[in-house]
Structures are given as C-alpha cells and as structure tokens.
Amino acid sequence: MSDQAPVARRYGAAVPVAIFASLAALLYLALFWGDPSEIPTALQDKPVPEFTLPPVEGLQSIPGFAAEDLKTGVPTIVNVWASWCAPCRVEHPILMQLATRDDVRLVGINYKDAPENARRFLGTLGNPFQAVGADRTGRTAIDWGVYGVPETFIVDGEGLIRFKHVGPIEPEDIENVILPALENAKSPALDALN
C-alpha cells in the first residue's frame, strides 16, 4: 500500500494537466484545420424543410417564398441575412454582384428582423433578391440548421440542399466555392447517385 501512495502523488497532478493539454490541442486543431465556412449540414442532399414565408412587410413588388418555390428545375442560392448583422453588410456587395449573373437565382430569408430595418437595409444597399421571406421568429432558419447569419445554401432544381456556406461570402469564394457548388447543383450526375 505504501508503494502506491508515492506513485499517486507523483502522477496525480499530471493527469488533469494531460487531459487539459489534450483538449486544448483538439480545440486548436478544430479552429485551424479546414475551412470553418464549410460546416456540413445534416440536410446535405436532403429536401429543404417545409416552410412558407411571407414577404417583408412593405417591401414593394418582392414576394415571399415557400419550399415549393425552390423546386423549379433551376438551382437557387438561398441567403439568410439580417439588417442588424455586420457581416451581412460586408457580404452584400458580393450578393449584388452575383445577382447580375444570368445563371444565378438568388432569394433571401430575412432572419429575426423588423420590416422597416430590412427595407432600409435593402433600400440603402440594393436588393439582389428575386424573393425575400420574412422569418420573424427564426423558426424557418432553425429548420434549415442555421447557426447564425449570414449563411448561404445552394438548392438544386428539385429542392435538395446541395451546399452550405457559413459566414459572409468573400470575393474569392465566388469563383472558388459558390460557382463550383452551383455547377454541381446543376449536374444530373448527382441525381443518378441518389
């Protein structure tokens, strides 16, 4: 019994330190290994959740939309945004640039926002969206698995979520991430795999 006491005293303090060091190393790797904007979604290659969002109140001639509106045969970029979100303001010029493309359909989910603030945001910065649904309670965003705003999804023409981008879209993301994901969503080969 006396032989065990010195061993416990010698290594007793090292065990918590080793556990802490292991956890710290794992957290460090999680932060710097891979691209945090490419967090996979549990809805990958699954149908968009059922939803119907009304238009932003007072936003002239811009309709709301529903899950069925994403099943048009054409891929769609769905951007979750809010007027109070600073990164949304940063990425907005990139969305305006994407909206000028003929091969891109862009819709927005306005997350937990007051209608007057959403209107002011789009009135000041421009409206890249063909439709904007008001998600005042955040329920639809929860169903989509949104962590925070902005988040961007690419939905294929059958209404399946093919890609999720977390955080603001950076200029280099258009060519390196968004457009390739959009092309993949157009590919009939994906349907053959499912």
Convex hull per residue volume in Å³, alpha carbons only, for region 103-178: 108 Å³
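Efficiency by 1/(1 + (r/R0)^6): what FRET value for Thr52 and Trp84, r their Cβ-Cβ distance, R0 = 25 Å, to the nearest 0.05? Don't skip to the end; give the middle numbers.
Numbers: r = 24 Å, r/R0 = 0.96.
That pair, Thr52 with Trp84, gives E of 0.55.
Give me the number: length gained by fully extending Met96 to Phe20, i.e. 0.36 nm times residue separation minus the C-alpha to C-alpha distance, one decimal in nm. Let's see the in-between values first.
Details: separation 76, 0.36 × 76 = 27.36 nm, distance 4.60 nm.
Length difference between fully extended and current span is 22.8 nm.
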Taking amide H positions as placed 1.01 Å from N in the peptide plane, with prolines and chain starts having none, which residues 5 or more places from Ala82, or on another chain, fall under 5 Å of its amide H? Tyr111
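Output the relative contact order of region 38-193, whole-number percent, from Cα pairs under 8 angstrom with separation of 6+ residues.
On the way: 303 pairs, mean separation 51.8, N = 156.
The normalised contact order for region 38-193 reaches 33 percent.
Going by C-beta contacts inside 10 Å, put Phe153, Phe20 in order with the fewest on the left. Mind showing how you got there, number by number?
Values: Phe153 24, Phe20 10.
Exposure proxy ranking, most exposed first: Phe20, Phe153.
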Taking θ as phi - 60°, what are the ³J(HN,Hα) couplings along region 68-78 by the Karplus curve (6.51, -1.76, 1.60), each to the nearest whole Hz, with x for Gly and Pro? 4, 5, 9, 10, 9, x, 10, x, 9, 8, 10
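Mind running the shape call on region 44-153? Use the C-alpha gyration tensor, a ≥ b ≥ c as the square roots of the eigenvalues: rounded below 1.5 for a/c, prolate if a/b tops b/c, oblate otherwise.
Details: a/c = 1.36, a/b = 1.15, b/c = 1.18.
Rounded is the answer for region 44-153, as its axis ratio a/c remains below 1.5.
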Highest mean packing first, using Cβ neighbours within 10 angstrom, the peptides 54-65, 133-144 sort as 133-144, 54-65
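In what sequence do Ile19, Ile178 fall when counting other Cβ within 10 Å, fewest first? It would help to have the intermediate numbers written out before the result.
On the way: Ile19 10, Ile178 20.
Fewest-to-most ranking of Ile19, Ile178: Ile19, Ile178.
FYI, it's all coordinate maths here, none of it is from the lab. Keep in mind it's a predicted model, so treat the numbers as computed, not measured. Quick reminder, even Gly has a Cβ in these numbers, built from the backbone with ideal geometry, and neighbours come from all protein chains shown.
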